[in-house]
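Take a look at the structure below.
The values are calculated or read from the model by the stated rules, or taken from the named source; none is laboratory data. Keep in mind it's a predicted model, so treat the numbers as computed, not measured. Note that we place each Cβ from the backbone using ideal geometry, even for glycine, and neighbour counts take in every protein chain shown. In case anyone asks, the SASA skips ligands and DNA or RNA and just uses the protein heavy atoms, side chains included. Shrake-Rupley method; radii C 1.70, N 1.55, O 1.52, S 1.80 Å.
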Amino acid sequence: MDGVMIEVHIRPEEALTDKEQQITPGELVKLISKLVIREESGTVEFENLLEKLRSEIDKLDEELIDILGRRMNIVEDIGKYKKEHNITILQLKRWSQIIRERVDAGVRIGLTREFLLKLLEALHEESIQRQTDVMNRDL
């Protein structure tokens, strides 16, 4: 961020414009006192450890992408199997079970419910789309 604009008025309720977003001089002093100025970089030791940790994340991301690819291959196999047996793509009972079990497991290891729900929803949408594509092939 290159800058911040803060509207200050000695009596914000009497300001001619933008009353709701203005703060008093006292509130400005309090706000500024809470600001933390952070460095853009650290010592050589810090940067070396940071690079090592980032490298570990890069490897894990590669593994995640590989796992997701394998998962989607299985999703397509499921789509083919459902198509062969004339079964609907969306299985609400299964989806509810996945949400409940995966969220519970993730929360137990410290992931937030909100993150898990977003992740599972994205996976589900991609899975539904993949199965829809399989169902619509050769039509």
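Quick notes on this structure:
- First in the range 34-63 and within 30 Å of GLY3 (Cβ to Cβ), second anywhere and hydrophobic (A, V, I, L, M, F, W, C) and modelled with pLDDT of 95 or more, Cβ under 8 Å, 6 or more apart: GLY42/LEU50
- Cβ-Cβ distances below 9 Å connect the following pairs, each with a first residue in the range 70-89 that is over 16 Å from ASP138 (Cβ atoms), a second residue that is open to solvent by 90 Å² or more (accessible area, probe 1.4 Å), and a separation of six or more residues or different chains: ILE87/TYR81.
- Annotation: of all residues in the range 4-19 being of a type in the set (D, E, K, R) and either touching a residue at least 60 places away in the same chain (Cβ under 8 Å) or open to solvent by less than 90 Å² (accessible area, probe 1.4 Å) (or both), the one that is farthest from LEU35 (Cα to Cα) is ASP18.
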